[in-house]
Structure formats: structure tokens, C-alpha cells
Amino acid sequence: MSTPDPTDVHPAWLPDEAWRAIGVRRILVRGEGTLVDTVQAEVERATHRYGGAVWRNPTDVDLPSADLVLALTGAPPPDSPPAPEPGPPETSGTLASTAVATAKAQLDTATAQVGESLGAEGFVVARHAGVTVVLADAPAGLLYGLFELVRLGAAGFGPTHPVRVHRPAMARRMLDHWDNVDVHPVMGQVERGYAGGSIFWRDGRPRGDVARVTAYARLLAACGINAVSVNNVNVHATEAQLLTERLDDVAELADLLRPYAIRVHLAVTFAAPVVLGGLPTADPLDPAVRDWWAETTARVYARIPDFGGYLVKADSEGQPGPFSYGRDHADGANLLAEALAPYGGVVHWRAFVYNHRQDWRDRSTDRARAAYDHFAPLDGRFRDNVIVQVKHGPMDFQTREPVSPVIAAMPGTRLAVEFQVTQEYTGQQRHVCYLAPWWSEILRFAPWGDDGRTVADVAADGGGLVAVSNVGDDRFWTGHPLAQANLYAFGRLCWNPRLGPQAVLDEWIDLTFAPDTRVDPDLLRRTLHEIMDDSWRTYERYTAPLGVGFMVRPGHHYGPDVDGYEYTPWGTYHFADRDGVGVDRTRATGTGFTGQYPPPFAERYESVETCPDELLLFFHHVPYGHLLHSGSTVIQHIYDTHFEGVREVEAMCRRWEWLARLVDPAVHARVTERLAEQLRCAREWRDQVNAYFHRKSGIPDAHSRMLH
Ligand code: GCV
């Protein structure tokens, strides 16, 4: 494998140009600590480029004039208290001082009203008398405040405005890398990775690419991510050793991520006491096993004092777990949590547990039920530092699924909701598929009814949000340059789940596409919106219909194969026959899955009358002639959406061509190449799905189009 030239790596949403508005300022940085050092280094880099200047903790004597102050609230003020207004003509130094004092006073009033302080990561931005002020109680807040200023650009230095308080909705905003240390014979270096090799590991060793990992840390901090798990949840032999003899490899990564406020987590095997410790058992109730985890964890914290914790996939898809010892997942998770508790660490214990050796003839077993059946009865039994990590849907990151009922079923447990930024089932970074609209729908979903708490609330009160990363050593980070927007959007939605997906896309466009390349900035922005805003729904239109899911080629999961999983042990069926299609998950006649939801959704999903069209085939087996709320029949909907989806991809291709002179030629070429593949693949989906259902049903297309 050739090593990409590090200088050739795309800057993503942090090109130099994004720093211009900051780089021309005279900047005071106040405060101490590693993260304040990072803030200083970042603004110095920008000012070197654009001609501004930076002072760190200047004394009263040499107080410079400044038009940007980045200060910890506990840090000494820039100079003596400001003169009461109207005062004598101010020097620039006292202007800065006045601005800070004003911002601080406004902040105090605001926090008194809200009854909350800024916390460990919050910050305020204010502008007064020509000085922009970022204040934070803690260093991480200052770092996030700096990146907010980058986002604001020139608008951060416009007219005076009062203090704006920013606090993250989620305390933990985490990315899981499914990166293998050794190249796996089937899954490669990165499981479900579509952007080249790992940025952390290569061929069994740490990759040692300090520049790349540091650049990654900056990008993550700039969108708000604060935790990264550095290895695959399928923990193989070499990866298991990261916990013990190869801990130094993890510590090296922690050292690189720390300056950007990112804590390292590690996926561990539940069988570690056996495979690493030589014990005869990994039984969670065995005292020797508990001691082993306690001692091992003590060594981890001795080496990495701010280590985040463990991530565990247990009793799932062949990974070992507590079931081998007749124990349950609470026993298993609590074992690790007990070892981590003295150090403030957490265990993320995944709820992705199901029988992957199902008999397809058995219509009563329903994979969608599995996580709830395993975990809901355990509610209240997990220790405080256990976070049960639940995939957002009951199946497996399909293009459309209902929200997992587990999210509403465990009020006594801290839950994290897991998303998949890597596009395993959504086009594998060869297709444009902006996922923020999908995630936003999920985060706003209120399982107890419209007036109740949302998925975002459950995550915010519990363990936050987690996503599988889509990054690799590709020069554009994510293979498809437009897939960078998904990574950016995930971080931003963790910080504020109420942000609109289109507004987030605007942020990403403004940062990523440097203004000086924009012949017509509005054309660029408008065209990217036209291509990306609805791209998830476009993808949905030409793939599996009405929430039924899968229909992908088994193994690699790319491209259509309608019956590919139909007779396999994986539990992913659509049950199409000559009369109809879909999975009956009702209580009345099906698997009873609808009963896992609280009202009103237990009722809404139970009835074909009230079930939303887009989930109809997830919950019901219906005849092809069934009339949807849209007014179309199921079969005609299948034909229409598949033709429509392809037409939309054709339009994407045309629109992208218009941007040829507006974006970096290398970006343009890569996206052009990917769009060609997307179009080829979308046509294949259209033709296979339409031909399949035409042959099954014998029902012609109302518009007599070619069905093959
Ligand atoms: C890491 C799906 C993927 C697997 C992945 C698994 C998981 O089944 O296909 O590659 O394994 O999800 O989330 O653990």
C-alpha cells in the first residue's frame, strides 16, 4: 500500500481560508492548561497566515490593544476594572477590558436567569465596542468557542451583540472506529470502511501518522466530538492486546487526541481474562475475573489517566459474552463498570444482540424484537457508569427503520443512541446520501407521543450519542468528498440536536468551500443543497421500498439483491410472494413487535390504517394492491419511486457538472467519478427491484414503462 502524501490531505471543514476572519485580529488569550495552549496555537497559526497578532496572558503593563479576547472566566481580567460609561476616551486595552467585563456581566445575568453555569464545555460569544469576546469556565469551552468563531467567520466581528450562550446537549459525543489493527481476511483494515485504510493502524501496527491523527482531532473538535473509540467492536486476537501489552499504542493515540479535548475509549473482548489473562473463565461473577479486570484497568489508568472507558459487543455475531456462563448482560456490563468506576470511566455496552443463526422457516422469531427482549427486562440493574448503547433502529442501520423501542423502554438505565456515519447500507460513500435529515427525524421522534420526551432527550439525559466513523486514510477522509458533511453533521447534531439539517449543511458548505473559489457563491450553495438535501430520500426511493430493508448483496452489502438475505440465518426477510410483501410484526397476527412501543406508537404501528407509509412493510405484510395514504398502491409506489429515484440521480449528475469551475478540480473529479457509479448502481437497483416485483405480482406498471 502506498503512503498518501500527508500534505495532500484535504482540509475538509478547516481550510486556511476559514480562519481568515480570526487571523487578521489582535487576539488576547487568557488562561492556563493544555487546551488553552491549543487555542493559542490555533490562533497563532491563523495570525501568522493573515497578519494578526496574539498575546497570551499579558500583564497590565504590556497590555496590547485587541479586538478578540478568548478568556477563561477564572483567568485574571485583561487589566484594571473598566471605567464607568460614559468615561474618558478609551485605549484599545481598556476597550478589550470593557468588552470582557460587559460580556461577563451579561453572562452572569443570563446564567442567573437560566440557573445553569457554562459547565465544562460551554462558552459564550459576545461583541461589545468593537471587541469580540469568547468566555468559558473551563478550557474545553474555550476551544469550542474558538471553533464557533471559525464557523461565524466575518459575522463574529460584525455589529455589537449581547452574549450568546452555547452548551452541548450531549455530554459525550462519540465516534466509534471499526478499525482493525491487523488486516482482517474478510473485513479488511476497517470493517465497513469505505475510505481506504485506517488512520490509526496499518498491517498489525500503529500507523504512526502523527500529522494525520492531529488533523483528524482538529476536525472532530471543530464539530464538537469529544470521545473516540479506536478499534473495532469485533475484537480479534491482535486487537485484544491493546488492553494489555499493546497499551502503549493506545496511549500514543490518546496523547494526540488530548490537545483537542478528545478522550480515548477502547473496544475490549469480554473474554479478555481468558485470552489475555490466562484464567480458565471470564464468568462475571467469578472473584478472580473481577480482580483481573480491576488490576488491568488500574494499569490502563496508570498509563492513560484520562482514559474514557471500554466499549463492548458481547454475545453478538460471534463475540463472546456473559451468556456462556449463564449470566446476563447486566452481570457482564457491571463487571467492567465496577473496574472503571474508581477512575470515572464508563462502559459502553452495546444492545445489538440477536440470533444470527436463525432458521428462515421459523416465522415467529423476529430479529427486530431481540434488543428489547434481551435488555428491557434488565432496566434498573445496570451500574451508573454503564451506558447501554442502542442502535437507533431495531434492525441494523437500514435506510429507513422505526426508532428502536429500547429507547423508550429503559428509564432506569443510561442509554446512548448509536448512528452509522459510515454508509454501510446507504451507498458506501459511492452514493451521495446526506444523512442528517434522517438523524434529525430520529432525534426529534417522541416515542411517548408528541408532547413527550424525544430520542435526543433520552440520549442527553443518559449516555449521549455515538456513531460509527466514516473516515479512512483517503485523501478526502471519507472517500466521497460530500460524505464529509455526514461526519460534520453528526458532531453538530450531538452538540445541538435541534439544528436543522439544512442549516448544518450551510455551515459545512461555508467552511469547506473557500470563498475565493466561488465565482458565484449562491450558485454553489444552491446547487449543493439541490444535490444533497434530499439525497437520503432519493437513495431510499431506488432501494428497498417502504421500510422493508436489506435487499442488498450479502456480505459486502452493496448494490441490489432482492432475495439475497431471504433464506439466510440473519433474520432479515421481506416475505414477498405472488400476493404481497412485508413483515407482519403486529400483535394481532404477527411477531408482536408493535407491542414493544409505548402508546401511541404501539397502536399506530399495529394498524395498517395508521401506520406511516414509509414504514408500512416494516410492520405489515400487505397485498400489492394495498392503497397507501399517498393514494398509490404498493406495487405502483414501488415502480414509481424506483423510476423517480434514478431520475433524481441523473439530475444530481447534471447539477454537479455545473460546478466544474466552482470547486477544487480534484474534488470535482472525485465526485464526478462517484456519481457515475451511483447512477449505474441506482439503475441496477431500479431494474432489479422493479423486475422482481413485476415477476412476483404479475401486475403491470400503470405507465407501461420498461420493467424487464
Ligand atoms: C462491527 C452489522 C455490520 C457488522 C458490524 C455489526 C455491529 O452487522 O454488518 O460489520 O460489526 O453490524 O454493529 O456490530
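Screening VAL421 with (1) within 17 Å of the chain's Cα centre (by Cα); (2) under 30 Å from ALA339 (Cα atoms) gives one miss only, at (2).
Quick check, is VAL233 assigned to a loop (DSSP other than H, G, I, E, B), within 15 Å of the ligand (Cβ to nearest atom), within 18 Å of the chain's Cα centre (by Cα) and hydrophobic (A, V, I, L, M, F, W, C)? The answer is yes for VAL233. For region 653-691, a residue qualifies if it is over 15 Å from ARG541 (Cα atoms) and either in contact with a Cys (Cβ under 7 Å, 6 or more places away or on another chain) or outside any helix (DSSP H, G or I) (or both), and the qualifying residues are LEU662, VAL663, ASP664, LEU675. Residues in region 418-468 that are more than 24 Å from GLY224 (Cα to Cα) and more than 16 Å from the ligand (Cβ to nearest atom): 9 in all. Only one entry of GLU121, GLU116 meets the criterion of being assigned to a loop (DSSP other than H, G, I, E, B), farther than 22 Å from HIS265 by Cα and either among the acidic types (Asp, Glu) or more than 16 Å from the ligand (Cβ to nearest atom) (or both), and that entry is GLU116. A single entry from LEU435, LEU505, LEU482, LEU499 fulfils the requirement of being among the aliphatic types (A, V, I, L, M), over 21 Å from THR538 (Cα atoms) and modelled with pLDDT of 95 or more: LEU499.
The number of residues in region 586-598 being open to solvent by less than 20 Å² (accessible area, probe 1.4 Å) and outside any loop (DSSP other than H, G, I, E, B) comes to 3. It is to be established whether one or more residues within region 400-420 are surrounded by fewer than 22 Cβ atoms within 10 Å (Cβ to Cβ) and at positive phi. Within region 400-420, none of the residues are surrounded by fewer than 22 Cβ atoms within 10 Å (Cβ to Cβ) and at positive phi. If you check GLY564, GLY571, which single one turns out to be within 16 Å of the ligand (Cβ to nearest atom), over 19 Å from GLN636 (Cα atoms) and open to solvent by less than 10 Å² (accessible area, probe 1.4 Å)? So the residue among GLY564, GLY571 that is within 16 Å of the ligand (Cβ to nearest atom), over 19 Å from GLN636 (Cα atoms) and open to solvent by less than 10 Å² (accessible area, probe 1.4 Å) is GLY571. Among all positions in region 213-236, there is no residue which is at pLDDT 95 or above, farther than 30 Å from ASP8 by Cα and among the small types (Gly, Ala, Ser).
Candidates ARG290, ARG218: the one that is more than 26 Å from ALA483 (Cα to Cα), away from the ligand (no atom under 16 Å from the Cβ) and part of a helix (DSSP H, G or I) is ARG290. Within region 408-419, residues that are acidic (Asp, Glu) reach partners that are at pLDDT 95 or above and within 16 Å of the ligand (Cβ to nearest atom) with beta carbons closer than 7 Å, at six or more positions or on different chains, in the pairs GLU418/GLN389; GLU418/VAL390; GLU418/LYS391; GLU418/HIS392; GLU418/VAL466; GLU418/ALA467. A residue that is over 30 Å from GLY462 (Cβ atoms), within 18 Å of the chain's Cα centre (by Cα), of a type outside the set (A, V, I, L, M) and assigned to a loop (DSSP other than H, G, I, E, B) occurs somewhere in region 523-536. If you filter region 169-192 down to residues that are open to solvent by less than 30 Å² (accessible area, probe 1.4 Å) and part of a loop (DSSP other than H, G, I, E, B), you find that the one that is farthest from TYR144 (Cα to Cα) is GLU191. Return the residues of region 126-159 that are small (Gly, Ala, Ser) and not in a strand (DSSP E or B); say none if nothing qualifies. Of everything in region 126-159, those that are small (Gly, Ala, Ser) and not in a strand (DSSP E or B) turn out to be ALA129, GLY130, ALA138, ALA140, GLY141, GLY145, GLY153, ALA154, ALA155, GLY156, GLY158. Please verify whether PRO162 is in a loop (DSSP other than H, G, I, E, B), more than 15 Å from the ligand (Cβ to nearest atom) and touching a residue at least 12 places away in the same chain (Cβ under 8 Å), treating the condition exactly as stated. Spelling it out, it is not the case that PRO162 is in a loop (DSSP other than H, G, I, E, B), more than 15 Å from the ligand (Cβ to nearest atom) and touching a residue at least 12 places away in the same chain (Cβ under 8 Å).
Pick from region 293-316 the residues that are within 16 Å of the ligand (Cβ to nearest atom) and part of a loop (DSSP other than H, G, I, E, B): which of them is surrounded by the most Cβ atoms within 10 Å (Cβ to Cβ)?
Applying the first criterion (within 16 Å of the ligand (Cβ to nearest atom)) to region 293-316 yields 310-316.
Subset that is part of a loop (DSSP other than H, G, I, E, B): 313-315.
Working: LYS313: 26, ALA314: 23, ASP315: 22.
In this case the residue turns out to be LYS313.
Whenever a residue of region 689-701 is more than 15 Å from HIS642 (Cα to Cα) and open to solvent by 40 Å² or more (accessible area, probe 1.4 Å), its partners that are in a loop (DSSP other than H, G, I, E, B) and among the aromatic types (Phe, Trp, Tyr), lying with C-beta atoms within less than 7 angstrom and at least six residues away or across chains, give the pairs ILE699/TYR624. How many residues does region 606-636 contain that are assigned to a helix (DSSP H, G or I) and either at pLDDT below 95 or open to solvent by 40 Å² or more (accessible area, probe 1.4 Å) (or both)? So the answer is 1.
If you take the residues of region 266-292 that are aliphatic (A, V, I, L, M) and within 26 Å of MET174 (Cα to Cα), which of them is surrounded by the fewest Cβ atoms within 10 Å (Cβ to Cβ)?
For region 266-292, the residue satisfying everything is ALA271.
No other residue among PHE575, PHE619 is more than 20 Å from ALA376 (Cα to Cα) and in contact with a Cys (Cβ under 6 Å, 6 or more places away or on another chain) apart from PHE619. The residue that is nearest to the ligand (Cβ to nearest atom), among those in region 373-388 that are in contact with a Ser or Thr (Cβ under 9 Å, 6 or more places away or on another chain) and assigned to a loop (DSSP other than H, G, I, E, B), is PHE382. Scoring HIS480 on the criteria (1) surrounded by fewer than 24 Cβ atoms within 10 Å (Cβ to Cβ); (2) within 30 Å of PHE693 (Cβ to Cβ) leaves a single failure, condition (1). Given the options VAL583, VAL504, name the one that is surrounded by 15 or more Cβ atoms within 10 Å (Cβ to Cβ), over 25 Å from the mean Cα position of the chain (by Cα), of a type in the set (Val, Ile, Thr) and closer than 29 Å to THR454 by Cβ. Residue meeting the stated conditions: VAL583. Cβ-Cβ under 6 Å, sequence separation 6+ or interchain: first residue in region 381-396 and closer than 23 Å to LEU340 by Cα, partner away from the ligand (no atom under 16 Å from the Cβ) and among the charged types (D, E, K, R). Which pairs? Listed by first residue and then by second, the contacts come to ILE387/ARG414. The condition (being in contact with a Ser or Thr (Cβ under 9 Å, 6 or more places away or on another chain), in a helix (DSSP H, G or I) and under 30 Å from MET410 (Cα atoms)) is satisfied by just one residue among GLU648, GLU603, GLU644: GLU603. Scan region 516-539 and tell me whether some residue there is within 16 Å of the ligand (Cβ to nearest atom), under 30 Å from GLY188 (Cβ atoms) and either aromatic (Phe, Trp, Tyr) or modelled with pLDDT under 95 (or both). No; the residues of region 516-539 include none that is within 16 Å of the ligand (Cβ to nearest atom), under 30 Å from GLY188 (Cβ atoms) and either aromatic (Phe, Trp, Tyr) or modelled with pLDDT under 95 (or both). Quick check on region 353-391: of everything there that is in contact with a helix residue (DSSP H, G or I) (Cβ under 7 Å, 6 or more places away or on another chain) and within 10 Å of VAL406 (Cβ to Cβ), which residue is surrounded by the fewest Cβ atoms within 10 Å (Cβ to Cβ)? Within region 353-391, the match that is surrounded by the fewest Cβ atoms within 10 Å (Cβ to Cβ) is ALA376.
Just name the residue that is nearest to LEU707 (Cα to Cα) out of those in region 637-661 that are modelled with pLDDT under 95 and open to solvent by 10 Å² or more (accessible area, probe 1.4 Å).
Here is the first cut: in region 637-661, the ones modelled with pLDDT under 95 are 658-661.
Now drop any that are not open to solvent by 10 Å² or more (accessible area, probe 1.4 Å), which leaves 658, 660-661.
Values: TRP658: 32, ALA660: 35, ARG661: 38 Å.
Among them, the one singled out is TRP658.
The values are calculated or read from the model by the stated rules, or taken from the named source; none is laboratory data. Keep in mind that what you see is a predicted model, and the values were worked out from it rather than measured. Positions of Cβ are backbone-derived with ideal geometry, glycine not excepted, and every protein chain shown enters the neighbour counts. Each accessible area value is taken on the protein alone, full model and side chains, heavy atoms only, with ligands, DNA and RNA left out. Shrake-Rupley method; radii C 1.70, N 1.55, O 1.52, S 1.80 Å.
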